[in-house]
Amino acid sequence: MENPLPLVEYTNIGEGDKLLALHYFDGKCCYCGCKLTRKYGFPNSLEMEHYISVDAQSVDSDLIINGSINNRVPSCRTCNRQKSNTPPEQWIRSKFKNADEIIEKIEMFFVMQEEFLW
Ligand SMILES: [Zn+2]
């Protein structure tokens, strides 16, 4: 049986978390794969986006860890805006041919976070 996710909210993610995420995704948007910039105001500006949206969180209180690094992925501004509050897998499948690959890589990223959160 799997351990339940901890009912703890880690709302702030630090610079280390961002760097780890950027390293894992090779400095690219986890969805479209464009090269991210840390400068603000560009279509490819880095945003640490909520994989499961904050709105979805209020529907299911079990998703209280929503703001933590294991729900945050490096996305370009364009993808973040387009995805908005759509359930992540639904949005990815509607937009990308290699959806399975994208989803698997993101899921592995969250598994890796779980290993290091204690
Ligand atoms: Zn993107």
For this session: Read phi for every residue in the range 22-27 and hand back ³J(HN,Hα) as whole Hz from Karplus 6.51 cos²θ - 1.76 cosθ + 1.60, θ = phi - 60°, with x for Gly and Pro.
Result: 5, 5, 4, 8, 6, x
Exercise. How big, in percent, is the set of alpha carbon pairs in the range 15-116 lying more than 20 Å apart?
Worked result: 34 percent
Exercise. All other residues with a Cβ under 12 Å from the Cβ of F110 taken together, and with Lys, Arg as +1 and Asp, Glu as -1, what is their net charge?
Worked result: -2
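Rule-based calculations on the coordinates, nothing more; no lab input. Only a predicted model underlies this, so the values are computations on that prediction, with no experimental measurement involved. Virtual Cβ from ideal backbone geometry, glycine too; neighbours counted across all protein chains shown.
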